[in-house]
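Heads up, the thing below is written out as C-alpha cells.
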Amino acid sequence: MQEMIETIRRRLLAWFRRTQRDLPWRQTYDPYHVWISEIMLQQTQMERGVAYFHRWISRFPDLAAVAAASEQEILKCWEGLGYYARARNLHRAARLLRDRYGGQIPCDYRTLQSLPGVGPYTAAAIASIACGQDVPVVDANVARILARLYDLEEPVKSAGCRQRIEALAAALLPPGKARAFNQALMDLGGLVCTPKNPDCHHCPLAEACLARLRGTVADRPVPARRRETVLIEMATAILSNEGRVFIQQRLADDIWGSLWEFPGGRLEDGETPEEAVIREYREETGFEVEICGRITTVTHFYTRYKVVLHCFACRLVGSDTVARLEAARDCRWVSAGQLSEYGFPAGHRKLLEYLAVARPEFLVDPCR
Ligand code: SF4
C-alpha cells in the first residue's frame, strides 16, 4: 500500500513538473490571487475563469480594493459569471479581513473557513496552494480521479464515499509538497482524467489505476441518482416612459440579490405571459401597464432548472410614480446608455444582448 502511494506521488509530481498549466495565479501564489481564482473557478470553466480573473485583478488589484468597492461595482465586475452569492460573499469577506485581520488573508485552515463563502474546499486550496500547508483538497476533479484510481463502487456523492475519498486524499498527500501535489491532481482531472473519455493512454497513474485494470473506467465515479430538470416559465417587460426605462434592484437575500432587473416574475396557473407581466408590475410597483409588443424569449439553465423568460415591451397607462416596491430595494428610470452600468441576472442580460444585436432601436423607444 505504502509503495503504491509513493509511486502515485512520484509519478504525479513528475507529470506536473513537465506539464503544469501556465495560469496567472501560479506566477506568485499570492493568497489574494489564489483566493479569487478558487472562488471564480467554482462552477466556471477554466478558460472563462482565467478571462474573468484578469478582468477582476485589473479592476481590483488587491484585497483593499475589493473592501473599498461598493457592492454594485463588485456585482458589475462579476456580471456573467453567475452564482452571484460568490461575489457578495467575497465582498463581505474582504471587508471582514480589512476590519479584523489587518487586511491580510490568514493561512489557517479553520480561520479561512470562518470567512463568508469559504467552505472546506476553498479553505484547503488557499491553505495548501498559497501557504504550502499539508491540507488535502477534494473537489469534483479529485473525487473523480480517486473514485477511478481505487475503483470505488459507491455513489460518489454519498456520505460514505465522500469520507473514503477524503481519507484517500489525506493518505496520498506527500508531506511538504501539498502545493504541487494538490494542483497536480486538479490539473490531471481537468486535462487527462476528464469526466468523459479520460485519456488513460497518457495518464501518469495508469499503471496504478484499478478502474483501468478492471475495465470499469466508464462506470466510475458512480453518479448520484439524476434529478429531473424543472421548467420555470417567467415573464418580464421593458417599461419605457419619456425616453427612459424602468429598472429595479432585487432584494439582497436571494440568488440574484442586489442585481438589477426589469420587473416580472413567474407565471401563475392558467396565466398568459402578458397577463403575468401586467399583474407583476401592478403587484411589485403599483404601475398600471399595457403590453405594446413581444420582444423575444430567452432560455437559461440554472442547476436543475430550465428558465424560459418571455420578454415584452410595455407602456404606462397610469401614473409614473412608484406606489410601492414589493420585490426590490431600489429602483430608477435610466436611459438606454446607462443600462451597461448595472449588473443584471443571466436572463435579463441575455435579453439586453439580444436587443443590442438584433433590435438596437428598441431600447431607445421599446413601444415605437
Ligand atoms: S488511468 Fe484513466 S481512469 Fe485511471 S486515473 Fe488515469 S485517466 Fe483516470
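Please treat every number below as a calculation from the coordinates, not as lab data. In this text the structure is predicted, and so the values were computed from the model without any measurement. Here Cβ is always computed from backbone atoms with ideal geometry, including for glycine, and neighbour counts include all displayed protein chains.
Brief remarks on what is shown
- Using the Cβ of Ala323 as centre and a radius below 12 Å, the other residues enclosed give a net charge of -3, where K and R count +1 and D and E count -1.
- Charge context of Leu23, other residues only, Cβ under 14 angstrom, K/R +1, D/E -1: -1
- Distance (nanometres) between label positions extended 7 Å along Cα→Cβ at Arg266 and Ala64: 4.6 nm
- Long-range amide H partners of Val307 with built H, under 5 Å: Ile232, His300, Phe301, Tyr302
- 3J(HN,Hα) along the range 197-207: 6, x, 8, 4, 4, 10, 8, x, 9, 4, 5 Hz, from the Karplus curve 6.51 cos²θ - 1.76 cosθ + 1.60 with θ = phi - 60°, whole Hz, x for Gly and Pro.
- FRET E, pair Tyr83, Gln104, Förster distance 35 Å, beta-carbon r, rounded to 0.05: 0.85
- Distance cut-off 40 Å, percentage of C-alpha pairs in the chain lying past it: 29 percent
- Gain in span if fully extended, Ala140 to Gln27, counting 0.36 nm per residue against the direct Cα distance: 38.2 nm
- Helices assigned as whole DSSP H runs in the chain whose Cα atoms extend at least 18 Å along their own long axis and whose mean Kyte-Doolittle hydropathy is -1.0 or higher are found at 2-19, 46-59, 159-172, 178-191.
- Percent of Cα-Cα distances greater than 31 Å, calculated over the range 2-219: 23 percent
- With the cut-off at under 19 Å, measuring from each backbone N in the range 2-43 to a point 7 Å along the Cα-to-Cβ line of Ala171 picks out 2-13.
- The chain, helix-only ellipticity at 222 nm - DSSP H runs n ≥ 4, -39,500 (n - 2.57), divided by all residues, nearest 500: -12500 deg cm²/dmol
- Taking Ile291, Ile232 and counting other C-beta atoms within 10 Å, the order from fewest to most: Ile232, Ile291
- Karplus (6.51, -1.76, 1.60) ³J(HN,Hα), θ = phi - 60°, over the range 313-330, in Hz, Gly and Pro reported as x: 10, 9, 10, 6, 10, x, 5, 9, 8, 6, 7, 7, 10, 8, 10, 8, 9, 7
- At R0 = 45 Å, FRET efficiency that the Cβ-Cβ distance of Val357 and Lys196 yields, to 0.05: 0.90
- Lysines with Cα under 30 Å of Lys157, excluding same-chain neighbours fewer than 8 positions away: Lys177, Lys196, Lys306
- A simple charge model with +1 on the Cβ of Lys and Arg, -1 on the Cβ of Asp and Glu and nothing else charged puts the dipole of the range 230-364 at about 440 debye relative to its Cα centre.
- Hydrodynamic radius by Kirkwood, which averages 1/r over all alpha carbon pairs of the range 1-84, in angstrom: 14.9 Å
- Per-residue HN-Hα couplings for the range 286-296 [Karplus 6.51, -1.76, 1.60; θ = phi - 60°; Hz; x = Gly/Pro]: x, 5, 9, 10, 10, 6, 10, x, 8, 9, 5
- Principal axes of the range 230-364: Cα extent on each, largest first, Å: 40, 32, 29
- Spatial separation of Cα centroids for the range 66-94 and the range 273-342, in angstrom: 24 Å
- Along the axis of the charge dipole computed for the chain (Cβ charges of +1 for Lys and Arg, -1 for Asp and Glu, origin at the Cα centre), the listed residues Met4, His54, Thr272 are led at the positive end by Met4.
- Neighbourhood net charge (14 Å Cβ-Cβ; Lys/Arg +1, Asp/Glu -1) for Ile129: -1
- Potential extension, Arg279-Thr296 segment - 0.36 nm per residue separation minus Cα distance: 4.2 nm
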